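The values are calculated or read from the model by the stated rules, or taken from the named source; none is laboratory data. Quick caveat: nothing in here was measured; it's all calculated off a predicted structure. Using ideal geometry, Cβ is built from the backbone for each residue, glycine included, and neighbour counts are taken over all protein chains shown. When the accessible area is computed, the model is the full protein with side chains, heavy atoms only, and any ligands, DNA or RNA have been set aside. Shrake-Rupley method; radii C 1.70, N 1.55, O 1.52, S 1.80 Å.
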Amino acid sequence: MFAQIALGTMEQGLMYAIMVLGVYLTFRILDYADLSVDGSFTLGAATATTMIVGGTDPWLATGMAFIAGTLAGLFTGILHTKFKITPLLSGILTMTALYSINLRVMGRANISLLGSQTIFSDFSKLPLMEEYGVFALSLISVILIGSVIYFFLQTELGLALRATGDNELMIRSLGVNTDFMKILGLSLSNGLVALAGSYVAQKLQFADASMGIGMIIAGLASVIIGEVLIGTSSIGRTIIAVICGGILYRVIIAVVLQLGLEATDLKLITSFIVITALVSPTVRKKIASWSAGVAGKEAQ
Amino acid sequence: MLNVHEVLKTFNQGTINQKIALDKVCLQLLPNDFVTIIGSNGAGKSTLLNAIAGNFLVDSGKISIEGIDITRLPAHKRAGLISRVFQDPLSGTAASMTIEENLIMAFRRGKVRRLRPAIGSKERDLFRVELEKLGLGLENRLTHRVSLLSGGQRQALTLLMATLEKPKLLLLDEHTAALDPKTAEKVLELTCGVTEQQKLTTLMITHNLDHALTFGNRTIMMHEGRVILDIKGIERTDMTISRLLEMFEKASGSHMNNDRMILA
Ligand SMILES: Nc1ncnc2c1ncn2[C@@H]1O[C@H](COP(=O)(O)OP(=O)(O)OP(=O)(O)O)[C@@H](O)[C@H]1O
Ligand SMILES: [Mg+2]
């Protein structure tokens, strides 16, 4: 019983880690809080499940989910860079538009994949993979994607992306089209988020029009948890931190559920985690300056 | 070399805050010219450099470098020709990235960024040699984040980044104003060394009248969006600061009014 829950949590954690890597690309690398994520997660799930039900090969359907996600990111990027809409609003606009689009894609509010062939059912047919197929495929995917991002961020293009998030004026004066870099980052990020959505849908064997709600906050919480616990001293370390943050977040959720809280309370808990993480540096500073003030007065 | 022809720039056109920052400015630079720019606060010095670098497009007029018309080019497409150092030491480098990462981005200034590993051992060797010339010990800290450096170190690094790949035109906007006097001297010394060695064409804004006359081969004064004085040759060699201020008052009809101005 426990082993099963633990395995299931790990599987989900690894899949969500793919989404968290996407959020990391925008939130940390580009310094862009992209809310499209809620919509593109569902978009990935909707695209993959609809295609699979329609008879498409699940691997191809999963690839198409990624591409659909990149298009969503492209849209957000164009809204922001070409039409000068603020990052937050661009994301919200895409997210809202995607809600309708996702329903159009699916044709109804949810789709069941019960009995359908998925990437996991395929993978589980490999020798020794009967029981751990979902886990192994998710693990391989995360390691692969994490490595690709790691190497990408050391390339000329990757450095330009990082500099765009760090000092836009400077990298533009060095000849980089920062609009293009933002669009590239947003596309990659939403592609990964949609890919994660397609994984989760195939594992749960259904897609639902509202399954992406709150995904951005879950992603931010995961990034923050990982960074706080593991650190950000280098790009490699940060990527590992972010992946672990994604897994750990699912573990926390699983534990909280085991303790008897309702699934519907999860969003509240997640918001609370993010608020704590965002507020704690300011609070710490306040306490520090307050105690310094007290010390100063005492010295007088 | 650089030709700025009747460039006009109005900020907040048509509003109550309308401000003509560049009023039909004309300026021609010969190759190897090192021109210092002085003037009151709000005279339009930074705006002139921003117009040349392409931070915004000008309302009318023409800007060209070596015969290439750049008037309508966005900033990132001018990068192959122009490099610059800003006043704020924080604005010339990416703080979260390492020294060598910053250098390689500058090394590829104006070139297409490819999907290939950015830094090789050849570049690293070059960076070490170049950093050693700064005399700040940065050659042993290639993989340190720039956020760990002091303002002066960052400004020296920015200067190196601006000249690592020789630009056609170097723009310096009070690039030592935010540094303590000793560090400022050091960065100026480095500036002189590199401009001479690479025979760079340079525009340097300064608030230090002494520097304005001792550095470079030509000094221009700006006032209310116009170039009101242009001093070079023997006239400049014989120039003193008090004479310079006198000329400014005569040409502009007012005192030079710069809160950062240093007379000697
Ligand atoms: N982006 C902008 N928007 C509106 N007005 C601006 C802008 N940039 C500059 N100005 C105005 O244009 C005028 C010229 O400014 P500029 O920064 O070029 O002066 P400066 O000669 O560099 O002065 P300082 O010595 O103080 O640096 C000023 O009146 C300034 O308020
Ligand atoms: Mg200025």
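Some points to look at:
- Taken over region B:16-30, the criterion of being away from ligand 2 (no atom under 14 Å from the Cβ) and either within 14 Å of another protein chain (Cβ to nearest Cβ) or in contact (Cβ under 8 Å) with a residue 24 or more places away in the chain (or both) is satisfied by B:20, B:23, B:24, B:25, B:26, B:27, B:28, B:29, B:30.
- Those residues of region B:103-125 which are of a type outside the set (D, E, K, R) and either open to solvent by 30 Å² or more (accessible area, probe 1.4 Å) or within 8 Å of another protein chain (Cβ to nearest Cβ) (or both), in sequence order: B:104, B:105, B:106, B:107, B:110, B:112, B:115, B:117, B:118, B:119, B:121
- Count - residues of region B:59-85 that are open to solvent by 40 Å² or more (accessible area, probe 1.4 Å) and within 16 Å of ligand 1 (Cβ to nearest atom): 1
- Residue satisfying all of: in region B:86-96; in contact (Cβ under 8 Å) with a residue 24 or more places away in the chain and surrounded by fewer than 21 Cβ atoms within 10 Å (Cβ to Cβ); nearest to the chain's Cα centre (by Cα) among these: B:87
- Yes/no for residue A:81 being among the polar types (S, T, N, Q), open to solvent by 40 Å² or more (accessible area, probe 1.4 Å) and more than 23 Å from residue A:219 (Cα to Cα): no
- Flag for residue B:41 being within 16 Å of ligand 1 (Cβ to nearest atom) and free of Cβ contacts under 8 Å to residues at least 12 places away in the same chain: no
- For region B:175-193, taking the residues that are surrounded by 21 or more Cβ atoms within 10 Å (Cβ to Cβ) and within 27 Å of residue B:78 (Cα to Cα), the one that is nearest to ligand 2 (Cβ to nearest atom) is identified as B:175.
- You will find that of B:56, B:34, the residue that is more than 16 Å from ligand 2 (Cβ to nearest atom) and open to solvent by less than 50 Å² (accessible area, probe 1.4 Å) is B:34 and no other.
- Residue in region B:31-53 that is within 11 Å of chain A (Cβ to nearest Cβ) and either among the charged types (D, E, K, R) or in contact with a Pro (Cβ under 6 Å, 6 or more places away or on another chain) (or both) present: no
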